[in-house]
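Note sheet for the following structure.
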Amino acid sequence: MEAQMQKDLRNLARECTKAGKHTEAFFHLTHALNADPDNLELLQMRAKALIQCEQYNLALMDADKVMSLAPNSGMGHTIRADIYFTTFNYDKAIENYKKGFQCKDGNKEYCMEGINKCKKEIVKDKELDRQYPYIGCALGIFISSVILVLDYLSFGKESYVAHPLLKVASTGLAAGICYSIGLLYRRSVKHLRRALLEPPPDLFNLNDKEDDVHPHED
């Protein structure tokens, strides 16, 4: 009876996935996993559903469980790689695709395709890391130049920055500030990518309450 119910729930989850109803698929798979929590296929399907629902931390938990249940299988590594790739963490993604490729049961073609995609994205990322500060620098020079021209047209020699050295200094300062902004922007982008994998904040201190009810034993 339970086996039939599990099969029905798996089929319902597949239908929901095809229809783009990933949240419903997640609930069906969770129901099925309640009866068989160590089912690798169900864990894999639920992880994929969670990726589509943008619940990356929960998807990683399912991937970790797959790896603990089947440490020699490429399934867990491939799931982790897909999660990292979706969240733009390409360095970790390519690492896991390589591990999945090395496993005997790994999907070699799929992993190699993922590795190639990651390499392309890493090259693009490095190029953006190099370009953005200089784009910021150029933007700073342009903006400061426009401001200096407007200042000269408005105040002429009475301007506070009428001296050529002050003009050069203000332009250099604007270029340096915008260069730093470009660097900070790229760093913030990478920080946000890592933050996608973190659990949501515990606004109601539920974890602390659970610890009070069920204290850890040393």
Just the accessible area for LEU69, please: 1.4 Å probe, Å², rounded to the nearest 10? 70
Taking protein heavy atoms only, a 1.4 Å probe, and rounding to whole percent, the accessible area of the stretch 117-198 owed to carbon and sulfur comes out at 70
Placing unit charges on C-beta atoms (Lys and Arg positive, Asp and Glu negative, everything else neutral), compute the dipole magnitude of the chain about its Cα centre in debye, rounded to 20. 1360
With only alpha-carbon atoms counted, please give the Rg and Dmax of the stretch 1-61, in Å. 10.7, 33
Taking all protein chains together and a probe of 1.4 Å, list ILE143, ILE83 from the most accessible to the least accessible. ILE143, ILE83
For SER144, what accessible surface area do you get with a 1.4 Å probe? Give it in Å², rounded to 10. 10
Select from the stretch 59-160 those chymotrypsin sites (Phe, Trp or Tyr not before Pro) which occupy a DSSP coil region and have at most 13 other Cβ atoms within 10 Å, ordered by residue number. TYR160
Please count, across the stretch 74-155, the pairs of lysine residues with Cα atoms under 14 Å apart that sit 8 or more places apart or on different chains. 6
For LYS7, the lysines lying under 25 Å Cα to Cα, once residues fewer than eight places off in the same chain are dropped, come out as LYS18, LYS21, LYS48, LYS65
Among the lysines, which have Cα under 23 Å from the Cα of LYS167 when same-chain residues fewer than 8 positions away are ignored? LYS157
Result row for the chain, helices from DSSP H with C-alpha axial extent 30 Å or more and mean Kyte hydropathy at least 0.0, is 108-155, 164-195
Semi-axes (Å, rounded, descending) of the ellipsoid equivalent to the stretch 98-201 per its C-alpha gyration tensor are 49, 14, 9
Accessible-area ranking of CYS53, CYS118, largest first, probe 1.4 Å: CYS53, CYS118
One quarter of the C-alpha convex hull surface, i.e. the mean projected area of the chain in nm², amounts to 20.7
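The values are calculated or read from the model by the stated rules, or taken from the named source; none is laboratory data. Fair warning: this is a prediction, and the values are worked out from it, not measured in the lab. FYI the Cβ positions are ideal-geometry reconstructions off the backbone, even for glycines, and counts take in every protein chain you see. Protein only, heavy atoms only, side chains kept; ligands, DNA and RNA dropped before computing areas. Shrake-Rupley method; radii C 1.70, N 1.55, O 1.52, S 1.80 Å.
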